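Inspection log for the structure reproduced underneath, given as structure tokens.
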Amino acid sequence: MVLLEPSELGHNVLITSFINDLATYLDEKLCAKLMQLLHYIADATVAFIYRHCKFPVPTGPNFVVDNMLKVFDTYVRCWKPCEDDDGPKIPVNAEDICINALMFSFVWGIGAQIDEFTRGKYDLFLQEILMGEDVNVKHDLEIGENFPEPIRFKTSLGTEYTSLFDLSFIVDECKWLNWSKTQPEYEVPVGAAYASVIVPTIDSIRMNSVLQQLLLNKKHTLLCGPTGTGKSISVSQ
């Protein structure tokens, strides 16, 4: 066994390993595109957040990138066939879902770890990436000569938003919606005691939603095995 410091290993190996697993059941061209986009945004965001953002809990680049991949995995793992399935369950709009899910994953997989005072800087930075701006030059990130030319992303975000953190990606419809519109209007139960009334807020809605998404994905992992293995694991209900 060879042990390496995270700084020596780097975060890009996590992305490469993740995509190699996806390639066992996703289209080769889609995997190649995701590989390019993930490396591109991860390199830029890692360089930016450790210069301009603060973390309530100190953590390293490998940790934040791994968290981002875990969020993205919640959108694609359900396509992986279990051993009793006939084959992969890939939707026809898989590429559109992946591109939008990728951006959602960077918002919450990384942005949720940043404190509320500097999160706005990261939000604007991601919007600049979406618009295809040269963030490496604009923010003097000094990523290196091999950093690719700016990429303009084709998402279904729309224009009616100010912060990416206000939006939820609705995968079934492949569209973005304000978190407050993802839940029915709250009504106080008749006769409820004051102390038992918990009124949902945009913070509680989005935190519960992301946590539930991660937990459901964990359950699928136990049922169908890690991405790329194709083996089921028996679990007790």
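No lab work stands behind these numbers, since they all come straight from the coordinates. Everything quoted here is computed from the prediction, not taken from an experiment. Cβ sites come from the backbone with ideal geometry, for glycine too, and all protein chains shown count toward neighbours.
In table form, for the structure just shown:
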quantity: For segment 145-218: rounded, prolate or oblate by the Cα gyration tensor [a/c cutoff 1.5]; calculated: prolate
quantity: Cα gyration tensor category, rounded, prolate or oblate, for segment 7-224 with a/c compared to 1.5; calculated: oblate
quantity: Cβ-based exposure ranking for Phe165, Phe104, Phe147, Phe117, in which fewest neighbours within 10 Å come first; calculated: Phe117, Phe147, Phe165, Phe104
quantity: Which listed pairs, of Lys121/Lys154; Lys29/Lys175; Lys33/Lys154, have C-alpha distances above 18 Å, in listed order; calculated: Lys121/Lys154; Lys29/Lys175
quantity: Neighbour-count ranking [beta-carbon atoms within 10 angstrom, fewest first] of Met207, Met68; calculated: Met207, Met68
quantity: FRET efficiency estimate (nearest 0.05) - Cβ-Cβ, Glu28 to Thr201, R0 30 angstrom; calculated: 0.10
quantity: Mean Cβ count within 10 Å, highest first, over the residues of peptides 181-192, 153-164; calculated: 153-164, 181-192
quantity: Positive dipole terminus of the chain, leading residue within Thr59, Val199, Ser209 (C-beta point charges); calculated: Val199
quantity: Proxy reagent accessibility, fewest Cβ within 10 Å first, across Leu37, Leu211, Leu167, Leu3; calculated: Leu3, Leu211, Leu37, Leu167
